[in-house]
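The values are calculated or read from the model by the stated rules, or taken from the named source; none is laboratory data. Computed from a predicted model, the values in this text were never measured in an experiment. Quick reminder, even Gly has a Cβ in these numbers, built from the backbone with ideal geometry, and neighbours come from all protein chains shown. Remember, those area values only see protein heavy atoms, side chains included, never the ligands or the DNA or RNA. Shrake-Rupley method; radii C 1.70, N 1.55, O 1.52, S 1.80 Å.
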Amino acid sequence: MDPRSVTLLEFPLVRDRLAGHTSFPPSRRLADALVPEADPVLVARGLDETDQARALLEERPGVGIGSAHDIGPWIERAARGGRLDPAHFLEIAETIEGATRLHAALVEDRRPLLKGLSRELHALPAVRSTLARSFDPVGELLDTASPRLGSLRAAVRIAYDRLRRRLDTLVGSEIAGALQEPIVTLRNGRYVVPVRADAKARVKGIVHDASGSGQTLFIEPLVVVELGNAWREAQLAEHEEVGRILDELSALVAAHAGPLRETLAALARFDLWAAKAQLAADMDGVRAETADRPEVILLSARHPGLTGRVVPIDIRLGDGFTALVVTGPNTGGKTVTLRTLGLLSLMHQAGLHVPAAAGSRLPVFRDVFADIGDEQSIAQSLSTFSGHLRSIIRIVAAAGPGTLVLLDELGAGTDPTEGSALAQALLDHFIRAGSLVAATTHYAELKAYAHTTPGASNAAVEFDLETLSPTYRLTIGLPGGSQAFAIAERLGLPEAIVGDARSRLSDNQRAFEATLAQIRESEGATADALERARAAEAKAADLLRSADEERRRARRERDEAVHRARDEADRIVDEVRAQVAALRRTLERGHVGTPALDEAMAGLEGQLDRLPAAARPAHEAVPAGPRAWRVGERARSRSGGWEGRIAALDRDGSRVTLEAGGMRVSVTIDDLVEALTPEPALAGVRSGNVDAIRLGRARTVPSSLDLRGARVEEALEALDRYLEDGSLAGLDRVTVIHGLGTGALRDAVRSAAAAHPLVKAVRAGERGEGGDGATIVSLG
C-alpha cells in the first residue's frame with residue numbers, strides 16, 4: 001500500500017486506537033506494525049481472526065492473557081547463558097500461568113483459528129512447578145529452592161542471633177559508659193557501636209568509621225569480631241547457594257527457550273485478535289463482505305475519527321459507474337466522504353471490522369491512493385496547484401485495475417477553465433485505466449461531465465439553507481450546488497450586491513445552473529422512487545422470510561406430532577400383538593368359549609381405539625364417506641373381529657359374505673373396516689407351488705372353526721379348507737363349532753370330517769368343550 005496515502009487517510013490513528021486495547025508490549029508492537037494487505041487470502045485470515053475473537057469474547061468476556069509479561073529479553077538472556085534475576089523468574093511464571101489458562105479456554109473451542117492457536121500455548125509443567133517451588137508471590141527465593149538453602153539460611157539466623165545477643169550485652173553493661181548512645185549499628189557490613197573519641201581506650205576493637213565531627217568512633221569490639229566473621233561467612237555461603245540456584249533456573253529457562261518463545265508469540269497474537277475485537281465493539285463495526293469484483297457498497301458508514309453525533313452516509317461505487325464526482329458547499333462533508341471511503345477500505349484490508357451497517361461490501365484493492373489536503377510548500381517553492389499536481393502525477397503512473405483513487409478538490413488552485421478541463425482529462429484517464437475513482441470539486445463543468453459520461457456519476461452533500469449548516473448526508477446520482485449566493489444572502493450580504501452578482505452570470509452559466517437544477521429534480525424523483533421500490537422489496541422479502549419461517553415451523557410441528565403419534569401407535573400395536581399371542585397360546589391349549597373370545601376381541605378393539613389419529617387406518621382417521629367394497633378385498637368386521645377376504649356381495653349392497661379363518665360369515669357392509677394385516681404373501685406363485693400358497697394361508701389358522709349360521713354347503717366347503725390349513729399349520733387337534741339346532745349341520749360336519757383323508761379321529765365335544773354343539777377333530 002502507498003505509505004503516503006495510508007498516512008493521509010489517518011490509518012495510523014486507527015492503529016493507535018487498536019494498540020490502546022492491547023494488554024502488553026508484544027501485542028502492542030504487533031498492533032503498531034499492522035498494515036493493510038493486498039492479498040485476499042491474508043485479508044480473509046485477518047477478518048476471521050477478528051470474527052472468532054469477537055464471538056469468543058461475547059460468549060466468555062473474561063478470557064484473556066492474564067498477567068502475561070514481555071519475557072522475550074529474559075528468554076534471550078538465559079539462552080545466551082546469562083543469569084536471570086528473581087523478578088524475571090516471577091514474570092516468566094506469571095506468563096506461563098496466563099498461557100496455561102488461555103490454553104484451557106481455547107483447546108475445546110469450536111472455532112478453528114482459536115483452537116489452532118491453543119496448540120502453540122505450552123503449559124511447561126516442569127518449568128512451572130520448579131518456579132512455584134522456588135519463589136514466593138513477591139519473587140523471593142524460598143527455602144525449598146534447593147536442599148541446602150534452608151539449612152544455610154538457618155545458619156545465618158543462628159550466627160546473627162549470637163552476634164546480636166553479645167552486642168546487646170556489651171552495650172547494656174560492659175562498655176555502656178564509653179558510648180555516645182547505647183545502640184548497635186552497621187558500617188561496611190559489620191556491626192559496630194558508637195564510642196566517644198575520648199573513651200576509645202576503654203573499647204578494644206576495629207574502627208570502621210567516624211562521625212563528621214570526629215567525636216564518635218564506630219568500633220567493632222574485638223570480643224564480637226569472631227561472631228561477626230561467622231555471621232559474614234554464613235551470609236557468603238547463602239549468597240553463593242542463591243547464585244547457584246539462579247544459574248540452575250536460568251539454564252532451565254534456556255532449555256525451554258523454544259516453547260517459551262512460541263508461547264509468547266501466541267499470547268501476543270491472541271491479545272492482538274482480542275484488541276481487534278474490542279475495537280470493533282467500540283466502533284459498533286461489522287465485517288464487510290469481500291466483493292469478488294471492484295465494487296464498493298458502504299451502508300451507514302461512519303468515519304472512525306469523528307466524535308459526537310455522527311451522520312452515517314451510504315457510498316456506492318463500481319456498480320454501473322467507476323468514477324464518483326462529489327459536489328456541494330464547503331464544510332458539507334465532501335472530504336469526509338473521501339476519507340471515510342479510503343479509511344474503511346484500508347481497515348477492511350487490515351483485517352478490521354468497519355463502522356458501517358451489515359450488507360456493506362468492499363473489494364481487496366491492489367493499492368489505495370489519496371491526494372487530500374493542501375500540498376503547498378514554501379521550502380520547496382510549491383504552490384497549492386503544483387503540490388497537488390506532483391502527487392497526482394505519481395498516482396497517474398501507478399493507477400490501474402484493482403486500485404482506488406481519491407482526489408480532493410480536483411483541478412483547484414489554477415484557472416477554473418483550465419482546471420476543470422484538466423480534471424475531466426484525469427477522470428477519463430482513471431476510468432480507462434480501470435481504477436475506482438472518487439473526486440470532490442466545485443466546478444460546474446465536472447457536474448455536467450459526470451452526468452453525461454458513461455462510467456461516471458454525480459454525488460451531492462446536502463446543505464440546510466435555513467440553518468446554514470450541512471446535513472452531512474450524501475446523495476448519489478445528484479449533483480450538488482455550492483450555494484454561494486444563498487449563503488451570502490442568509491449571512492446578510494446586501495441583496496443588491498447578491499443580485500448584481502447573479503446578473504453577472506452569463507446566459508450559458510444561468511442555463512447551465514437551470515439544467516443542473518432540473519437534473520437534481522428529476523434524479524431526486526428517480527432516487528425517491530428507487531428508495532420506495534427498495535423499501536417495498538425489503539418489506540416483501542421480510543414477509544416472504546416470515547412466511548417461510550412459519551411454513552417451516554408448521555412442518556416441523558406436524559412432523560413432531562406425526563412422530564409422537566407413530567411412537568404411540570407402535571407401542572399400542574406391540575401391546576395388541578402381545579395380547580394376540582397370549583390369546584393364541586390359550587386357544588392352542590384348549591377351547592375358549594364364545595364369551596371369553598368376545599371379551600378378548602373387545603379388549604383388542606379398545607386398544608385399537610387408543611391409536612392416535614395420525615397413526616390409524618385411513619378409514620378411521622378421516623371418515624371420507626362410505627367405502628366402496630369389492631369382491632376379493634380384505635376387510636375386518638368391526639363388531640365380530642373377523643378378518644378375511646370378501647367372498648360375495650348382496651345384490652342390494654347392504655351385506656357381504658366374509659371368508660374369515662376358514663369359514664364364511666355374513667355381516668353388514670357398514671360393519672366393515674380396513675384389514676389390520678395385509679394380504680398373506682403368496683410365496684412360490686411364480687413356480688406354481690400350490691403348497692407354498694397354502695402354507696401362506698395357514699400361518700394364521702385358529703384352533704377352532706365356528707360354522708354357526710352357515711348353510712350346509714358353505715359349512716362343508718369352509719370345513720375342507722380349514723382342515724387342510726390346520727394340517728399344514730401343524731395343529732394336532734381342532735374344534736369345529738356347529739351348534740345344536742336341528743342336528744343337520746352337526747351330522748354333515750361329522751360325516752365329512754370322518755371321511756376326510758387328513759383326519760385321524762372324530763368325536764363329540766365333552767363337558768367344557770361345547771358338548772354336542774361342537775366336534776373335536778384329531779388331525780393325522
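Annotations
- With 5 Å bins from 0: P(r) over the range 284-346, alpha-carbon pairs, percent: 4, 14, 28, 27, 16, 8, 3, 0
- With 5 Å bins beginning at zero, the pair-distance distribution over Cα atoms of the range 213-326 amounts to 2, 7, 8, 8, 8, 7, 6, 5, 5, 5, 5, 5, 5, 5, 4, 4, 3, 3, 2, 1, 0 %.
- Relative intensity, log₁₀ I(q)/I(0), of the range 66-206 from a Debye sum that treats every alpha carbon as a point, q = 0.12, 0.15, 0.20, 0.21 Å⁻¹: -0.71, -0.86, -1.15, -1.21
- Other residues within the sphere of radius under 12 Å centred on the Cβ of GLU240, judged by their own Cβ, net out at -2 (K and R +1, D and E -1).
- Environment charge at SER67 (Cβ cut-off 11 Å; Lys +1, Arg +1, Asp -1, Glu -1): -2
- Shape descriptor for the range 137-223: Rg over Rh equals 1.14 (Cα atoms; Rh from the Kirkwood inverse mean 1/r).
- Annotation for ALA104 and VAL310: the two label points, set 7 Å from Cα along the Cα-Cβ direction, are 3.9 nm apart.
- Debye log10 I(q)/I(0) at q = 0.14, 0.15, 0.25, 0.30 Å⁻¹ for the range 54-97, Cα point scatterers: -0.44, -0.48, -0.83, -1.02
- Residues of type aspartates and glutamates that LYS334 reaches as a straight line, Cα spacing below 14 Å, ignoring anything fewer than 8 places off in the same chain: ASP314, ASP371, ASP408, GLU409, GLU462
- Net lengthening on full extension, ASP85/LYS760 (0.36 nm per residue, minus Cα-Cα): 232.0 nm
- The three principal axes of the C-alpha atoms in the range 1-157 carry coordinate ranges of 69, 37, 26 Å, sorted with the longest axis first.
- The range 1-45: mean projected area of Cα convex hull, nm²: 3.5
- Rg over Rh [alpha-carbon atoms, Kirkwood Rh] for the range 115-168: 1.34
- Surface analysis of the range 1-155 yields an accessible area of 49 Å² per residue, using protein heavy atoms and a 1.4 Å probe.
- For the range 251-383, the fraction of alpha-carbon pairs lying more than 21 Å apart is 55 percent, rounded to a whole number.
- Column: log10 I(q)/I(0), Debye, Cα scatterers of the range 36-113, q = 0.20 Å⁻¹: -0.91
- Distance from the Cα centroid of the range 77-95 to that of the range 11-64 is 28 Å (rounded to whole angstrom).
- Pairwise FRET efficiency - ARG261 versus ALA237, Cβ, R0 = 22 Å, nearest 0.05: 0.05
- The range 381-435: Rg to Rh, with Rh as the Kirkwood radius over Cα pairs: 0.98
- Full extension of the chain segment joining ALA554 with GLU248 gains 103.0 nm, where the gain is 0.36 nm per residue of separation less the Cα-Cα distance.
- Stretched out straight at 0.36 nm per residue, the stretch from GLU181 to SER654 would grow longer than its current Cα-Cα span by 156.6 nm.
- Under 11 Å, Cβ to Cβ, from SER300 - net charge with Lys/Arg +1 and Asp/Glu -1: -1
- Excluding same-chain neighbours fewer than eight residues apart, the lysines reachable from LYS276 by a Cα-Cα span under 24 Å are LYS115.
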